[in-house]
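The values are calculated or read from the model by the stated rules, or taken from the named source; none is laboratory data. What you are looking at is a predicted structure, and each value in this text was computed from that prediction instead of being measured. Counting neighbours? That spans all protein chains shown, and the Cβs are built from the backbone with ideal geometry, glycine included. Note: accessible area is taken over every heavy atom of the protein model, side chains too, but ligands, DNA and RNA are not part of it. Shrake-Rupley method; radii C 1.70, N 1.55, O 1.52, S 1.80 Å.
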Amino acid sequence: MSLVLNKIPRNCFFVIICLVVSANGGLLAQDRENLPGTAEKNPKSEAQGLAAAPQQTPPEAEEQPRRRIVEGRPRLYLFKHVVNPLTGMNKLVKGTMALTERRILALAERGREVRADRGMQFFLSGAGSGSGMGSGVRFFDKNLFGTGIRVDAPFLITYKNYQLFTINVAVPLLGNDRLNFDLGSTYRSRTKDNFWRIGNDTLYSDRTKFRSITREVRSGFSSRMTEHWHAGLHVSYRNIGITKPANERFESTQDAIDLGTLPGRRGAELLSGILTLENDTKDNKYIPSTGGLRYVEVSLNEGLRGGDLSFWTYRLELQQFVPLGKTGRKILALRALFETNQDKGGSQIPFFELTALGGSNTVRSFENHRYWDKSGVAFLAEYRYRVWRAFDWALFMEQAQVAPEPGDFGWTRFHSGYGVRFIIRATPTVPLSFDFAHGGDGWRVYFRFKPSF
Amino acid sequence: MVRHAVMPALILLALLPAVRGVEKLSIHPLWLDFDMENIKEPKERKISYYYSFFKAQFIEQAKQGLDMPRWFRAAIGKNKRASNINAVDEVPDSSWFTNRHHLRRMSIEALVRGPDRKETPDFGEGSVITRAKTEGVTLGLQIKDKHGVTYIIKFDDGKHAELQSGAEMVVTKILHAAGYNVPENYIAYFRPEHLKIGDKVMKGTAKPRPFEQKDLEDLLYSVAQMPDGSYRVLASKFLSGKPKGPFPQIGIRLDDPNDLIPHEHRRELRGLRVIASWLNHWDMKEDNALDMYVEEDGRKFLRHYLIDFGSSLGGGLSPWEYFHGRELAMDGANTMKEIFSLGFYETPDERKGDFISPAMGIFSNAEFDAEGWTPSFPVMAFENMTDEDALWGTRIILSFTEPELRAIIATAKYTNPADAEYLLKTLLARRQMIARHWLRKVNPLVEFSTELGEKGGVLRFKDLMVEHGLAGANSAEYVYEIRYKDRTMEKKSTRNPWIELSSSLPPAQNGTRKIEDPREDILEVTIQTVRAQTERDPVTVRLYNDRTQNRLRVIGVWRG
């Protein structure tokens, strides 16, 4: 026996003794106090000495003995508190939140300043499909030198090193945005865009990547004709360079594709005239519950460098939001996309200007830019419903295909996908969206601020 | 091998509280839990809104999820008993709670006065703005009145005049009478032209600048104004002592040596759920409480206050929001129901209430659910509430008579008498619904008292169901059993609210008798209430036959 006892560490005895003592000591103090003949008498009770003794009239506090109802804290309270892993997490969360909350409040205060006429604003956003999230800074002046001229210059770099630097100037010619003269310039670097050759049935294993750098200058007129109708006529000069993707494990598009068959393989200079017409009746720009969007774009593009490049582009987008019920909490959201590029007089269309379907802005269940061709069509249906004041949930289905010409579209050529979506209404107008989509190539996950659909 | 046995032994010992013995009874129930010993000044406990929300919503819920004894108790349908109840099933006075109206009847004047110790503030000419809060959800000022007393000023929203100020006033008085520590709140009026802006008043926190007259005008632009141009406000007097932050809703404040009982197991916090449901006091987040380091009788200790009741009754910044009191602000269960029903499950968030008036909002007794009432933020003490805790809370709200409630409501100074009348009727109706629900779940016998005469003893009690018109006078049969020494008498029954003990008791003696074994003088009566073929858990009343004093005293009440 003594041999066995000797094997037990001394501190174990100590712990056990402490536990046993605390187990006895944790009982209510009243358990041991005040039994008849042993306890201190309650002076008030003794003084009452009434024949009829109501139970529930307590004596006044100052007339009562100073005792506790328990003798100590619950058994092992501190020990349990300290060893509980959630206590550590609690401390961590507390510290983080203290820092974050101060930051949020400071940003909120700064946000109010943003509502002022000029200033600087930090923001989080993406730089287009597949770019990943990034942080940026925006310089703005809504009334430059008191002339009414608006200047907006966002600069954004994402964690994938996609870069987007833009400066836009809007000179009002007629009040209330009836007519503006626009001037703008953009530098856009996309480090690794997908390319799968051209066609509706390209193999997933044929993926290649390329980098594009675009420098653009544009000017023109935009008009807010009515509350819902907008139009624009712009001229744009673009210098697009195509190179190999940096640090990319996939094969370079330039290495993999027969250079002779790929127009615009080393980039191009394009001069474009763009006409747009938009009818926007959505009740909220990002999370509408009713209304819709009709958008038409026609552009003529002429190549200045990079080969015989000349083509027309026609784009059509329709969105409709159908509320189901009176509360506006259940919505059927429908979207149709159509695009076709038509070469002009036997000229060519640079490959990076072809219709590319797939990704967060077009068809979520496809890999980013999964299918390329001159024309493409996509249909999306989404059932959105509110699951909490700030959360929406959605189920969606998608069908899309690309083809050389619109006449080549066929009912059996569609690629299908489906998914679920979780939307957080971070503010009444700014949603964050998590999309989990499944298509022919597997699952895709997206996280977006202010999704366009 | 022994070493291997140490860990299981430790675990078993840790689980011991789950099977800990029941409280023994004493002949002198403890009516003061003296947690007011002198302590070292604790640090201020700072807690942010988001942190308190996250903690209550996720961390503490997870902690409770890991509490095995709690699962065990849940499996057998018995929550842990509150830890601070005395032998007669009451809450002793402490730095948290003082037994007031339900045990020590207060006059109407005392109820109306509530916690107030001062005259109504006078914000006439000479009053000075000492601080301004122009950001955040609620706007406010601090004003030093003509008598030099500083008050926190809260406004009513311009579209809902008298809503929040009225609610805060009524609830302050009721919670005070119920026994809680609350601030002195007053309905007051001021004219902006009478106010002077103090030299050190700043606007903004990131880039502070002096608060100016224009800022005051901006602030007052969106708040309610009286027809005569004055502003009706809720003026809350600073609590005495040093603020030390809110008390944690769960666990113990470790820097307070007086704090021995985990707060989620304090009956006054558990039973507050019933009172809060009556008053629709849904905004029970942690920072709506405050510990004050006070000095009383030469001792310095923490006194625990409830504060901010502007979101009670129909109040709140968004008084049209129907979900308050009906689901959590972030209700995971309802969210999942929505997800899996494809949005066809209708949560309270989707519904709308009838708007009564600007001063009442949508406060009503329609669709009120006493059991299902939910604060907007999780409160562990509420989740731990037992039926006995609920009975305690129900007894408190039933202790107010209609005239008393009318007098309390009058302190809110509603301009339209119809609002006051509506509030009274709604509170009475909600109270009946609460009583009907909770009293049916327990044995509703309370207020046990005894008589001991020459013929023997009589145990009297009140049946709350009968007292409050929820059951007929003779609707129940009280089946009782008397135990004395080792003998258990034959079960008997009565329809009267008293039990004759004559034949069970030993003869009374003069005060000269020396007590040999005091347990010989203890008698237990177990009463089962049978009403409409349903039996409630019995209540056992322990009586002490004090032959030295020729008295029969109730020394214990045990339910269940």
Exercise for the section: State whether one or more residues within segment A:140-158 are assigned to a loop (DSSP other than H, G, I, E, B) and of a type in the set (V, I, T). Expected result: yes
Handout entry: When residues of segment B:207-240 are limited to those that are over 38 Å from the mean Cα position of the chain (by Cα) and within 14 Å of chain A (Cβ to nearest Cβ), the one farthest from B:T130 (Cα to Cα)
Key = B:K207
Problem - Subset of segment A:240-291 (residues that are more than 14 Å from A:D193 (Cα to Cα), of a type in the set (D, E) and modelled with pLDDT under 85) - result: A:D255, A:D258
Practice task
Determine whether A:S416 is open to solvent by 40 Å² or more (accessible area, probe 1.4 Å) and in a strand (DSSP E or B).
Solution key: yes
Problem - Test result for B:A366, of a type outside the set (D, E, K, R) and open to solvent by less than 40 Å² (accessible area, probe 1.4 Å) - result: no
Completion exercise
Within segment B:287-313, the count of residues that are at pLDDT below 90 and surrounded by 23 or more Cβ atoms within 10 Å (Cβ to Cβ) comes to 0
Exercise for the section: Considering only segment B:418-443, state which residues are open to solvent by less than 10 Å² (accessible area, probe 1.4 Å) and out of contact with any helix residue (DSSP H, G or I) (no Cβ under 7 Å at 6 or more places or on another chain). Expected result: B:T426, B:N443
Exercise for the section: Take B:L428 and decide whether it is farther than 30 Å from B:Q549 by Cβ and of a type outside the set (F, W, Y). Expected result: yes
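Listed here are the residues, each with its yes/no results for (1) modelled with pLDDT of 65 or more; (2) among the small types (G, A, S); (3) open to solvent by 40 Å² or more (accessible area, probe 1.4 Å); (4) part of a helix (DSSP H, G or I).
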site: A:T57; (1), (2), (3), (4): yes, no, yes, no
site: A:K80; (1), (2), (3), (4): yes, no, yes, yes
site: A:K94; (1), (2), (3), (4): yes, no, yes, yes
site: A:R110; (1), (2), (3), (4): no, no, yes, yes
Practice task
Filter segment A:178-219 down to residues that are in a loop (DSSP other than H, G, I, E, B) and polar (S, T, N, Q) and give me whichever is surrounded by the most Cβ atoms within 10 Å (Cβ to Cβ).
Solution key: A:N200
Handout entry: Hey, B:F58 open to solvent by 10 Å² or more (accessible area, probe 1.4 Å), aromatic (F, W, Y) and within 14 Å of chain A (Cβ to nearest Cβ) or not
Key = yes
Fill in the blank from the handout: Those residues of segment B:338-349 which are in contact (Cβ under 8 Å) with a residue 12 or more places away in the chain and open to solvent by less than 30 Å² (accessible area, probe 1.4 Å) amount to B:T347, B:P348
Exercise for the section: Report yes if A:Q319 is within 29 Å of the chain's Cα centre (by Cα) and buried (at least 18 other Cβ atoms within 10 Å of the Cβ), otherwise no. Expected result: yes
Exercise for the section: Go through A:V151, A:V137 for me and flag whichever is more than 24 Å from the chain's Cα centre (by Cα), modelled with pLDDT of 90 or more and hydrophobic (A, V, I, L, M, F, W, C). Expected result: A:V151
Problem - Close pairs (7 angstrom Cβ cut-off, 6 or more residues apart or separate chains): buried (at least 18 other Cβ atoms within 10 Å of the Cβ) in segment B:240-259, of a type in the set (V, I, T) and not in a loop (DSSP other than H, G, I, E, B) anywhere - result: B:G241/B:V294
Fill in the blank from the handout: Selection from segment B:97-115 of residues open to solvent by 10 Å² or more (accessible area, probe 1.4 Å) and either farther than 19 Å from B:E402 by Cβ or not in a loop (DSSP other than H, G, I, E, B) (or both) yields B:T98, B:L103, B:R104, B:I108, B:E109, B:A110, B:V112, B:R113, B:P115
Practice task
Say whether the condition of being open to solvent by less than 30 Å² (accessible area, probe 1.4 Å) and modelled with pLDDT of 90 or more is met by at least one residue in segment B:68-82.
Solution key: yes
